[in-house]
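Colleague: One structure is given below, represented as structure tokens, and several questions about it will come after.
The values are calculated or read from the model by the stated rules, or taken from the named source; none is laboratory data. This structure is a prediction, so every number in the text was calculated from the model and none was measured. Cβ atoms come from the backbone with ideal geometry, glycine included; neighbour counts cover every protein chain shown. Ligands, DNA and RNA are excluded from the accessible area calculation, which covers all protein heavy atoms including side chains. Shrake-Rupley method; radii C 1.70, N 1.55, O 1.52, S 1.80 Å.
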Amino acid sequence: MDWITRTLRDCPKPQAGEVIASCRFFNRAGDFYFTLVILLGLLAVQRFRKSAVLLRMTAAVVCAACITTVVSRGLKVLVGRVRPREMIRRGVEPWYLNGPTLHGDYNSYPSGHSSLAAAGSGPLLVALPWAGIPLTAGAIVIGGSRMVGVYHHPSDVVGGLWLGFMVGCTSGCRLRRTIRRARRLGGRSA
């Protein structure tokens, strides 16, 4: 965190403003719009192609996003890790845990934005790597923007990305097996 703060402080002012503006954009995109764009894109393509595979892929993204959100929220409440801004304001250690708590200042671990973005891109990373790789890069950028904005510690972002990718890739593996089975059975349901 100190390196990021020093880098932004030492940047020439216009460059720092651009970095901060782009981080704000990715913070807003990570709220839930990133996964929503993935879902709407899949539904739009499915609408034109009438593909059961794309419909299953949409269901896999929805399932991964829902499971990740529930698990992430549960972990946030149980762990109760202090957010970096509050850590600085209250003068507590970065590993200060106050869980279980519902207070938003103590719901830092794991990063919900990172986990939801990773859960949205995970099924596509497994089932359609050509589409999943750029989306995965977007999920990582969203996680980085959460650190630059001093909303999360680096370990919060890594934990959120790990959680989202594990659930998303599991959902994607299940989807890939379903697609292969449907193709083996003659393509009736693929």
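Colleague: Gain in length, S22 to I140, computed as 0.36 nm per residue apart minus the alpha-carbon separation, to one decimal in nm?
Modeller: 41.1 nm
Colleague: Is there a quick way to get the dipole size of the stretch 109-190? I mean about its Cα centre, with the Cβ of Lys and Arg at +1 and of Asp and Glu at -1; what is the value in debye to the nearest 20?
Modeller: 760 debye
Colleague: Please give the solvent-accessible surface of Y151 in Å², to the nearest 10, using a probe radius of 1.4 Å with every protein chain present.
Modeller: Spelled out: Y151, probe radius 1.4 Å, area about 80 Å².
Colleague: When only the heavy atoms of the protein chains count and the probe is 1.4 Å, how do R183, R176, R146 rank by accessible area, highest first?
Modeller: R183, R176, R146
Colleague: Ok, one more. Any idea how far apart R85 and K50 come out in nm if each label point goes 7 Å out from Cα toward Cβ?
Modeller: Going from the R85 label point to the K50 one covers 5.1 nm.
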